[in-house]
Amino acid sequence: MKKITLTLVVSCIALSGFSQSKNIQNAYNSYRQETDRVKTKLAEAKDFIDLAYNHESTSTDPKMWNYRSKIYLEIMLKSPGIDKNAVFEATEAHIRCLDRDKKGRIAVRKWTKEEDVLNGLVQCGYNLFNTGVDDYNAKNYSTAIKKYKEIFRIIPLDKDNLLKRGNIVPDAIYKNLFLAYLQLEDLDSQIEYLQKSIDNNTNDPIIYYYMSNIYSKKGDFEKALEYIILGKEQFSSEIMLVNSEIDLYMKMGKSTEEIIQKLTDAIEIDNSNEILFIIRSQQYSLISEMIKAEEDLLEALEINSESASANNNLASLYLSMTEPLVKKRNDLSYRETKKIDDLDKQIQQLQRSSLPFLVKYISIKEGNEEVDKAALNTLSTIYYNLGMEKESIETRDLLNSLD
């Protein structure tokens, strides 16, 4: 009785194994069915190959991996609606097709050439990257991350660097992973992948900017500056890094002279950026270098005459230069008429100098459908001081109409 039972058990195991092997063949037969070069039974082929994949007797069978790679690649490329995870299944199957025996031969050599397996695997890599971008744009950030990470299983097997030709390289993947984690507000992962990119000798200066920005937002300005300096060692003329360094210097309370020097260095790299001249002008004003401040603002307006900031700042600069003169005048005795007259002329000249830039600034704001009431009030006062009563009244009426 024991022998009969044992025989029955062995027979059941054998029949089960045969059944699963049949599933492999059925999967391939269904896969081959097509009309006008369109596979017509992919869903059926998938069901059969999944049965074989999930059964222990065939789950490691090279023939199963061979057909599974072809079936899921076809689903991935032509009918992704059958299985939204087809790209992951296709990737796994192609990688397993490249398993090697003791002699170094690939597992599926009886049915498929190694170069064809690699070609399919590279197609998986491109699909993972491109659909990962699509998922990111659709705000499916976790799915995008999963796809980007999967590509790292393929890269070591891409002997001919076919992924590299499409710029699917670690540096690009690390950057995309950072951007996805940025949307998920996962700070630790952001730092992890930016650091991986830096360790991989990235050729993209924005990576250093991103890393610095993270630490800057955390209030760790020293660490933020370290990454900017590290980036500048490779990209010394990258204006984005130079500007970030200036911004950090200002946040860290560095001396005005140090900030001016950094701005001067930046201008040597990019002398067509009016913002740099405007900022340096502000720094010159802080140390009472008014002539240099004026020169920088005039230079900024040479670059961009429509700059609201440059026009406003230059008008404000001229008016600020009247303040010590007004104080000096107020300290004089009314009998010192000549000195008073001289000071009045200087004050009026500075107000007259400010006038066209203030008018231009207000005009720019109006063009943007904005109103600066403080500027209009100042303009009305200047008109009055210069004896331009009509213009002063018109400006005052305009200002009153805005209340």
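Just one residue in the set Leu358, Leu319 is among the aliphatic types (A, V, I, L, M) and under 16 Å from Ile291 (Cα atoms); that residue is Leu319. Checking each residue of the stretch 277-292 against the condition of being buried (at least 22 other Cβ atoms within 10 Å of the Cβ), in contact with a helix residue (DSSP H, G or I) (Cβ under 9 Å, 6 or more places away or on another chain) and charged (D, E, K, R) gives at least one match.
Only one entry in Ser197, Ser255, Ser288, Ser236 is within 16 Å of the chain's Cα centre (by Cα) and of a type in the set (S, T, N, Q), namely Ser197.
Condition check ((1) surrounded by 18 or more Cβ atoms within 10 Å (Cβ to Cβ); (2) in a loop (DSSP other than H, G, I, E, B); (3) in contact with a Cys (Cβ under 6 Å, 6 or more places away or on another chain); (4) aliphatic (A, V, I, L, M)) across all residues:
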{"residue": "Ile75", "(1), (2), (3), (4)": "yes, no, no, yes"}
{"residue": "Lys102", "(1), (2), (3), (4)": "no, yes, no, no"}
{"residue": "Cys124", "(1), (2), (3), (4)": "yes, no, no, no"}
{"residue": "Lys147", "(1), (2), (3), (4)": "yes, no, no, no"}
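For (1) more than 21 Å from Asn377 (Cα to Cα); (2) modelled with pLDDT of 95 or more; (3) surrounded by 14 or more Cβ atoms within 10 Å (Cβ to Cβ), each residue gets a yes or a no:
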residue: Glu294; (1), (2), (3): yes, yes, yes
residue: Asn312; (1), (2), (3): no, yes, yes
residue: Arg329; (1), (2), (3): yes, no, yes
residue: Leu332; (1), (2), (3): yes, no, no
residue: Glu336; (1), (2), (3): yes, no, no
residue: Lys339; (1), (2), (3): yes, no, no
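Considered as a group, the residues in the stretch 95-140 that are without any contact (Cβ under 8 Å) to a residue 40 or more places away in the chain and touching a helix residue (DSSP H, G or I) at 6+ places or on another chain (Cβ under 7 Å) include one that is farthest from Pro62 (Cα to Cα), and that residue is Asp135. Select from the stretch 348-393 the residues that are closer than 20 Å to Arg329 by Cβ and either in contact with a Lys or Arg (Cβ under 7 Å, 6 or more places away or on another chain) or outside any helix (DSSP H, G or I) (or both) and list them in ascending order. Listed by number, the residues that qualify are Leu386, Gly387.
Yes or no, residue by residue, for (1) touching a strand residue (DSSP E or B) at 6+ places or on another chain (Cβ under 7 Å); (2) aliphatic (A, V, I, L, M); (3) outside any helix (DSSP H, G or I):
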residue	(1), (2), (3)
Tyr209	no, no, no
Tyr215	no, no, no
Ser237	no, no, yes
Met240	no, yes, no
Ser244	no, no, no
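Of all residues in the stretch 201-214, those satisfying the criterion of being touching a residue at least 12 places away in the same chain (Cβ under 8 Å) and out of contact with any Phe, Trp or Tyr (no Cβ under 7 Å at 6 or more places or on another chain) are Thr202, Asn203, Asp204, Ile206, Ile207, Tyr209, Asn213, Ile214.
Just one residue in the set Glu299, Glu306 is within 29 Å of Leu263 (Cα to Cα) and assigned to a helix (DSSP H, G or I); that residue is Glu299.
Whenever a residue of the stretch 150-173 is farther than 20 Å from His94 by Cα, its partners that are loosely packed, with under 15 Cβ neighbours inside 10 Å and of a type in the set (A, V, I, L, M, F, W, C), lying with C-beta atoms within less than 8 angstrom and at least six residues away or across chains, give the pairs Pro170/Phe152; Ile173/Phe152. Here the condition is being more than 27 Å from Ser142 (Cα to Cα) and either modelled with pLDDT of 85 or more or of a type in the set (Lys, Arg) (or both); of Glu74, Glu34, Glu56, Glu89, it holds for Glu56 alone.
The values are calculated or read from the model by the stated rules, or taken from the named source; none is laboratory data. On a predicted model such as this, the values are computed, not experimentally measured, just so you know. No Cβ is skipped: glycine too gets one built from the backbone with ideal geometry, and neighbour counts run over all protein chains shown.
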